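Visitor: Have a look at this one.
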Amino acid sequence: MGRLVAMEVFVRVIETGTFSGAARQLRIGQPAVSKIIAQLEERLGVHLLLRSNRGLTPTLAGQNFYERAKRVVEDANEAELVARGTGTALSGRLRVCATVSFARLHIIPHLPAFLAQHPELDIEVVMDDRAVDLVEEGIDIALRMGPLSDSTLTARKIGQCKRLVLGTPAYFSRAGIPLTPADLVTHQAIVLVQPALTSVWNFKQGTTETSVTAQGRVRVTAGEGVRAAVLADIGLSVTSEWLFAAELKEGVVVPVLQDWELVPLDLWSIFPTGRRATAKARVFAAFVEELVSNGKIITTQFAG
């Protein structure tokens with residue numbers, strides 16, 4: 001067993017909290033992980049992990065070893081990339097996480113160009129509207145929209161997108177066109193239900209500010225649900241421009257109350273807390289930022 005291999009296995013065990021989680025990320029059997037950790041503890045002559053019914057926790061020696069082993073593994077990965085040349089040396093697997101709609105509409109269609117630039121790299125796109133634990137799920141980079149609930153995240157704001165009140169012409173023909181935010185209380189609202197979001201819509205016009213609590217019979221937990229409900233003529237919604245970019249261009253949905261402003265939606269690139277971003281993750285983040293700056297992803301370019 002090589003030292004570097006053992007270090008990487010131990011790092012994955014600590015970051016996932018289980019032997020099975022480390023095994024899944026490394027794509028090896030759980031018995032192999034257990035054996036490597038046992039051999040590592042025997043060679044070092046110390047206990048690195050405390051095992052209980054509640055899971056695995058590092059001992060003091062284990063925590064100290066983890067912090068140094070993590071840096072060694074990261075430095076080794078970087079050294080390989082430098083030796084091969086960063087322009088063509090990206091290889092292995094990159095796990096990217098994004099919401100279902102954003103990945104489907106704005107990331108996956110652009111993957112052919114990225115894959116062509118890095119022919120030895122495989123990409124696994126984790127499509128999930130939840131704010132998943134990046135370390136536990138083995139995510140290299142996540143793309144998230146809206147406010148960040150965790151201030152400890154390593155994040156970079158790469159774009160902003162307009163939020164609009166929109167619906168289909170058929171819905172507005174049936175329910176009428178709202179002329180002020182107050183008119184929305186008489187409409188069927190499609191509400192996106194997520195921990196970081198509320199059903200209160202805040203509008204601004206010059207120095208005037210007003211809030212409306214969305215009311216409707218349909219609430220959904222994913223952006224794809226908002227799309228489906230709006231396109232089914234069920235109601236209107238306050239949502240981001242990127243979620244309906246094609247439909248807005250084609251007139252399938254139309255915006256209303258355009259003389260009122262809504263707080264824009266921020267787009268972030270997120271990296272696992274406590275771990276230096278890998279070269280693969282940094283290159284992919286730069287790729288997405290370039291898509292934003294070139295207008296290929298429907299956002300307002302953010303400088304900062």
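The values are calculated or read from the model by the stated rules, or taken from the named source; none is laboratory data. Keep in mind the model is a prediction, meaning the values are calculated, not measured. Methodologically, a virtual Cβ is constructed for each residue, glycine included, from the backbone with ideal geometry; neighbour enumeration extends over all protein chains shown. The accessibility values were calculated without ligands, DNA or RNA, using every heavy atom of the protein model including side chains. Shrake-Rupley method; radii C 1.70, N 1.55, O 1.52, S 1.80 Å.
Visitor: Could you please state how large a percent of the accessible area of the chain is carbon and sulfur, counting protein chains only and using a 1.4 Å probe?
Guide: Values: 8280 of 15670 Å².
About 53 percent, which is the carbon plus sulfur part of the accessible surface.
Visitor: Accessible area per residue, 1.4 Å probe, Å², for the chain: what's the number?
Guide: Working: 15670 Å² over 304 residues.
Heavy-atom accessible area per residue stands at 52 Å².
Visitor: I've got another one for you. Run the dipole for the chain about the Cα centre, Lys and Arg Cβ at +1, Asp and Glu Cβ at -1, nothing else charged, and hand back the magnitude in debye, nearest 20. Each step should come with its number before you reach the end.
Guide: Details: 32 positive and 31 negative charges, 118 e Å.
With Lys and Arg at +1 and Asp and Glu at -1, about 560 debye.
Visitor: According to a simple spin-label model (label point 7 Å from Cα along Cα-to-Cβ), what is the distance in nm between Arg3 and Gln117?
Guide: 3.6
Visitor: Between Ile123, Ile234, Pro255, whose Cα lies farthest towards the positive end of the dipole of the chain when Lys and Arg beta carbons carry +1 and Asp and Glu beta carbons carry -1, centred on the Cα centre?
Guide: Positive-most Cα among the choices belongs to Ile123.
Visitor: ³J(HN,Hα) across the range 27-34 via Karplus (A = 6.51, B = -1.76, C = 1.60, θ = phi - 60°), whole Hz, x for Gly/Pro?
Guide: Once rounded to whole Hz, the list reads 6, 10, x, 4, x, 5, 5, 4.
Visitor: Additional query: Quick one: Cα centre-to-centre distance for the range 214-252 and the range 96-134, in angstrom?
Guide: 22
Visitor: Continuing with the same structure: Considering only Cα-Cα distances, which of the following residue pairs are longer than 20 Å: Lys157/Lys204; Lys162/Lys204; Lys157/Lys249; Lys204/Lys296; Lys35/Lys280; Lys157/Lys280?
Guide: Working: Lys157/Lys204 23 Å; Lys162/Lys204 13 Å; Lys157/Lys249 26 Å; Lys204/Lys296 28 Å; Lys35/Lys280 30 Å; Lys157/Lys280 18 Å.
Exceeds cut-off: Lys157/Lys204; Lys157/Lys249; Lys204/Lys296; Lys35/Lys280.
Visitor: Which whole-Hz couplings ³J(HN,Hα) result when phi for each residue of the range 115-130 is put into the Karplus expression 6.51 cos²θ - 1.76 cosθ + 1.60, θ = phi - 60°, listed in order with x for Gly and Pro?
Guide: Those phi angles translate into 5, 5, 6, 10, x, 9, 9, 9, 10, 10, 9, 8, 9, 7, 7, 7 Hz.
Visitor: Sequence gap at least 6, Cα distance under 8 Å: using those rules, report the relative contact order of the chain to the nearest whole percent. Before the final figure, lay out the partial values.
Guide: Working: 484 pairs, mean separation 63.4, N = 304.
Normalised by residue count, the contact order of the chain is 21 percent.
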